[in-house]
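Values quoted throughout were computed directly from the atomic coordinates according to the rules given, and no laboratory measurement underlies them. The structure displayed is predicted, hence computed values, not measured ones. Here the Cβ is made from the backbone with ideal geometry for all residues, glycine too, and neighbour counts use every protein chain on show.
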C-alpha cells in the first residue's frame, strides 16, 4: 500500500514538474517574444546620434534594419546640436535607448552621471580593437568598473597632402620634424604654399595642436596634471613652440580664413598640405571630386619610432540606463557591427573602423594604414579638455600673440579653474585607493 502510494506520489510529482516546465517554457517564449516584439507590434528602439554630416548614411542603415527585422522597429534621430538635445532629454528623464556619440569628455561625464548601462555582457565588444576600447576607458578620470560604449569608427588626424603636387616634384613623405621643416622650405623655393590652416574658426587650431601633443607628451598627461605631478607649462612647451613654427609656413593672415576657405583652397591646389583630420575630406572632394589626397602622420619627433597616429573614437554606441529592451538594443548593435554595414559607413564617411577585420580603407588613409593595423594610435588630447575652458580660443589667441610662457601660464590657471571638481574627485579617489 505504501509502495503504491509512493508510486502515485511520484506520478503526481512528475506531472507537476512537467506542467511547471511547460509553463516556464511558455513564459520564456512569451518573454522572448515580448522582448523582441512581433511584426504587428514591434519593439521600438530609438537611437539618437550626434553626427549631422552622417544623416544620409544613417537613413540607409535605418531602412536596411527595418526591412530585415520584423520584431524591432529602429528609429534613428540625427538632430542638429545633438549633444545639447541629449543633455536636455537626460535632465527631463526622457532617455533614448541608444546614443551615438564621440569619444570625448561628454562620454566620461555621462558615465560619471550614471546615465549609461553597463554592457560588459555584450559579446560584440570582442570584435573591437583593443586600442580603441582602451581609448574610451582612458577618458574616465575616475576609473569605473564595467563597459559603457562600443567604439564604432574613428578618425585620423595628421597632415593631408596633394599627391599630384608631391609626385610632380618628387617629394617624399617626411618622417621626422626636421624633414617636415626642410620640405616646407623646398616648397617655398618652388613658389608653393606648404600649408593652408583656416584658423579663423577656432576649432581648426586643435587639429595640429592635438597631432603634436599626442606625440610630444604622455597619453595621460591630463591626469598627471590633475594629480599635481607636473604642469602644462612644462609638458606643452615643445607643442607650443612647434605650433609657432607651423604658422610660418601657412597662408598670410591665417586667422582671416576659416575652415571652408581652407578646404576650398586646398582642393584648388593653393597649398600642398592641410593639417586636418580625415573628416575634412568629403568637403574637400565636394569642391574637387577628382583630387588625389593622401595623408601622413604628424612627424612631431625627430625619432620616427616615437611618432604615432592621432586617432580618436569618432562614433561609439552606448545603451542608456533607462533602456527597457536590452536584448533588442543588442540586436541593433549586432546589426551595426556587421562587416558589410561597417564598410558601408566607412565608404560614406571616409572613416577608420574600430572593429577588427579586413576592411577596405579609403585611399586617403594609404599613408597611415600601417599605424591603424598595428594599433599605433593615440587619442586626441582635447577629448580630455572641459568644453567650458575654450581651449581652441586659447590656442588661437596664442598664435596671434606668440608668447609661449604667458600662454602656458594661462593654460595651467584655466585648467585648475575649470577642472576643480574633477581634480577634487580624483584626489578623493586616490586617497581611498591609498587606504586600501
More than 18 angstrom separation, counting every C-alpha pair in the stretch 84-172; what % is that? 55
At a threshold of 8 angstrom on Cα-Cα distance, excluding pairs fewer than six apart, so keeping six or more, what relative contact order does the stretch 183-338 reach in percent? 31
Using the Kirkwood radius over Cα pairs, work out the Stokes-Einstein diffusion coefficient for the stretch 289-352 at 37 °C and 0.692 mPa s, in µm²/s as a whole number. 211
Estimated inter-spin distance, residue 413 and residue 369, nm [label 7 Å along Cα→Cβ]: 5.0
For residue 241 paired with residue 219, estimate the spin-label separation in nm (one decimal), with each label point 7 Å from Cα along the Cα-to-Cβ line. 2.6
Mind running the shape call on the stretch 181-221? Use the C-alpha gyration tensor, a ≥ b ≥ c as the square roots of the eigenvalues: rounded below 1.5 for a/c, prolate if a/b tops b/c, oblate otherwise. oblate
Taking a quarter of the surface of the convex hull around the Cα atoms of the chain, what do you get in nm²? 28.5
Arrange the following residues from fewest to most other Cβ atoms within 10 Å of their Cβ: 196, 257, 418. 418, 257, 196
Just subtract the alpha-carbon distance of residue 70 and residue 394 from 0.36 nm times their residue separation and send over the number in nm, one decimal. 111.5 nm
Checked the stretch 320-436 with the C-alpha gyration tensor, a ≥ b ≥ c its square-rooted eigenvalues, rounded below a/c of 1.5, otherwise prolate if a/b is larger than b/c and oblate if not; verdict oblate
So the angle from the long Cα axis of helix 177-189 to the longest Cα principal axis of the chain, reported in degrees to the nearest 10, equals 50
Using Cα atoms only, what is the angle between the long axis of helix 206-216 and the major principal axis of the chain, expressed in degrees (0 to 90) to the nearest 10? 90
So how tilted is helix 339-349 from the main axis of the chain? Cα-based, degrees 0 to 90, rounded to 10. 30
Need one number: convex hull volume per residue for the stretch 172-286, Cα atoms only, in Å³. 117
Using a simple spin-label model with points 7 Å from Cα along the Cα→Cβ vector, what separation in nm is obtained for residue 234 and residue 425? 2.6
Relative contact order (%) - the chain, alpha-carbon pairs under 8 angstrom, separation at least six: 24
Relative contact order for the stretch 183-242, counting Cα pairs under 8 Å that sit 6 or more residues apart, in percent: 25
At 0.36 nm per residue, and after removing the present C-alpha to C-alpha distance, how many nm does the segment from residue 326 to residue 144 gain when stretched out fully? 63.5 nm
Quick note, the stretch 368-436: a/c under 1.5 would make it rounded; otherwise a/b > b/c is prolate and the rest oblate (a ≥ b ≥ c, C-alpha gyration tensor); here it is oblate
